[in-house]
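**Student:** A single structure is presented below for examination.
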Amino acid sequence: MTSERGGKHFGPALLLAGLVLFFCSWSTVAQTIRDLPPPPPAPTPKPTPTPAPPKDEDFDVIRVSSNLVMVPVSVVDANGEPVRGLHVNDFHLVEEGRDQQITEIGNPDEVPLDIAVLFDISSSVSQKGFFSFQQRAAASFLKQVLKPVDRAAVFTITDQPALVSPLASAETAAAKILTIPAATSPVPTAFYDTVMAAAKYLVEKSAERHRRVIVVISDGDDNFSSIVRDLTVAEYRASQKGGATSAAAYQNLLERRRRAVLEVQKAVQQSDAAFYSINPGGSSVRLNQISMRAQNAMESIAQSTGGSAYVPDGEQDLERVFSEVAAEHEGGRMKEEKKKAP
């Protein structure tokens, strides 16, 4: 009996003890929470700025630039004499199938002329038999063509481009040409490099509105320009040993020459110069495959720049050729207006 009564009073005692422990624990937790520092304030979000509306000029704007391009043109009669008194309506200019507007015909007497004369003194030219006559004819040409406001520079074509006389008067350039010595032994020919050097020189030293002309007295053969030098030397050494270069190497050399001609064309076109070549080889040019290849290259450059390629037959014909070149530059230049969108 006593055991039962003691068991009945034991349950409430355990419950009371649990409640006391609970409140003691909660009091301890509450005290710990009160001792902690207060939490940081919540960050205030920044308002997103309203983007400014784009300017009207950012939409549907088409900018058109207008450029005046100088186009070389010469008109001669059956006797090679310049035809004067022509007007804009006498010409029709088409580029890539599109008609171009011609604004005016320039008067050559009002536009200064800058000429670069390239004189080949390599053995392939100087041994043709009339080197001194070429010098006299070229000097006479400069005195005939250049006016007091015009200038001429002189380059020699050897193993590398050589500027022997910077842009100066006709008298100064002509006197320098007469003093150029002919080669007395085999000399390499860097024809392509020299033409490109002359074109670059005109861009740097000739005023933008001046007429520019490159006159080359050469057979056009090249065996030492940077783009063909290595293969040409290998070809020469093989021939000296009695051998021959492989077909693949020969085709590679031809491809390099083709690329070289295209690079020269681009350089002369970018200089806004007309290219004229005078080949002193005469009729013998057509008897040799290498000579014909060189002549064809000069003709290609001349045609792409508004010039001409000549092969005079002897001394008297050389004088006629220089007279024709002089007559062409007594003509004018068209000013073509090109409008290009970006």
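Laboratory data are not the source of any read-out in this text; all were calculated from the coordinates shown. Given the structure is predicted, the values throughout are model-derived calculations rather than measurements. Here the Cβ positions follow ideal geometry from the backbone for every residue, glycine too, while neighbour counts run over all protein chains shown.
**Student:** Distance from a point 7 Å along Cα→Cβ of ALA207 to each backbone N in segment 136-159: keep the residues under 15 Å and list them by number.
**Tutor:** Output list for this probe position: 147-152.
**Student:** Under unit Cβ charges (Lys, Arg +1; Asp, Glu -1), what dipole magnitude, rounded to 20 debye, does segment 109-329 have relative to its Cα centre?
**Tutor:** Working: 22 positive and 25 negative charges, 91 e Å.
With only Lys, Arg, Asp and Glu charged at Cβ, the dipole is about 440 debye.
**Student:** Can you give the local net charge around ARG136? Use residues other than it whose beta-carbon is closer than 10 angstrom to its beta-carbon, Lys and Arg +1, Asp and Glu -1.
**Tutor:** My count for the surroundings of ARG136 gives -2.
**Student:** I want to check the label-to-label distance for GLN316 and SER304. Put each point 7 Å from Cα in the C-beta direction and report it in nm to one decimal.
**Tutor:** With each label placed 7 Å out from Cα toward Cβ, I get 3.7 nm.
**Student:** Listing LEU113, LEU202, LEU178 from the residue with the fewest other Cβ atoms within 10 Å to the one with the most, what is the order?
**Tutor:** Numbers: LEU113 18, LEU202 22, LEU178 11.
Lowest to highest Cβ neighbour count: LEU178, LEU113, LEU202.
**Student:** Once you have all Cα-Cα distances for segment 109-329, histogram them in 10 Å bins from zero and send the whole-percent values.
**Tutor:** 8, 35, 37, 15, 4, 0
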